[in-house]
């Protein structure tokens, strides 16, 4: 093989890598935009009752919509957690394919649905609304997990330097959210308050899982 042939092969390889890099950036930008819009739509549900004009009535109105406020905070944190995980995952990718794109689209589909389920939760707090909300968040988590499984299988889309420990830690982070929210569904029928508080288990379970994995 002549030096010209080698140069041509190198040039083609570099062009493919640049194409993959730009494609990943476009997917990341689109995903960021969808999540930013979802967070923005969450606040639209927050409205003070009519007649709240002075300080006393405003604070009284805030108390009346306390469930809406708590629902907003929870959903804001949920989207924030998924954005951070999505961003971290993209730092471990080197390429993409059509399967990855469609899994990401379904991930974003349920992200976009979150303002709707948040509105239901804030307006009709109870066992049934908690189930709807938990299914929505769990669906987001499932597709987030599938994204990583699909990408990491036999290093299909990930960087070659990603270790097995790092891969297991990433998978645990992806699974913990849907597992906790799915586990809260039967609890929601008995105690909606306890079911919603159970979501906080994500924090200690995530920390304990990373320590157990050793990453």
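Side notes on the structure shown:
- All conditions but one from (1) surrounded by fewer than 16 Cβ atoms within 10 Å (Cβ to Cβ); (2) in contact with a helix residue (DSSP H, G or I) (Cβ under 7 Å, 6 or more places away or on another chain); (3) closer than 29 Å to residue 197 by Cα apply to residue 99; the one that does not is (3).
- Any hit, segment 101-118, residues being at pLDDT below 90 and part of a helix (DSSP H, G or I): no
One line per residue, one yes/no per condition, for (1) touching a strand residue (DSSP E or B) at 6+ places or on another chain (Cβ under 9 Å); (2) loosely packed, with under 10 Cβ neighbours inside 10 Å; (3) under 27 Å from residue 74 (Cβ atoms); (4) modelled with pLDDT under 90:
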position	(1), (2), (3), (4)
1	no, yes, no, yes
9	no, no, no, yes
31	no, no, yes, no
40	no, no, yes, no
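- Residue tally, condition assigned to a helix (DSSP H, G or I) and in contact with a helix residue (DSSP H, G or I) (Cβ under 8 Å, 6 or more places away or on another chain), over segment 81-96: 9
- Given (1) out of contact with any strand residue (DSSP E or B) (no Cβ under 9 Å at 6 or more places or on another chain); (2) modelled with pLDDT under 95; (3) buried (at least 16 other Cβ atoms within 10 Å of the Cβ), index of the condition residue 157 fails: (1)
- Annotation note: of 66, 88, 144, the sole residue that is more than 20 Å from residue 184 (Cα to Cα) and modelled with pLDDT of 85 or more is 88.
- Residue match in segment 163-172 (condition: at pLDDT 85 or above and crowded, with 17+ Cβ neighbours inside 10 Å): no
- Residue among 109, 149, 189 that is surrounded by fewer than 18 Cβ atoms within 10 Å (Cβ to Cβ) and within 13 Å of the chain's Cα centre (by Cα): 109
- In segment 63-79, the qualifying residues are those that are closer than 27 Å to residue 146 by Cα and in contact (Cβ under 8 Å) with a residue 24 or more places away in the chain, and the one that is surrounded by the fewest Cβ atoms within 10 Å (Cβ to Cβ) is 76.
The values are calculated or read from the model by the stated rules, or taken from the named source; none is laboratory data. Please read all numbers here as calculations on a predicted model, not as lab measurements. Backbone-built Cβ (ideal geometry, glycine too); neighbour counts: all protein chains shown.
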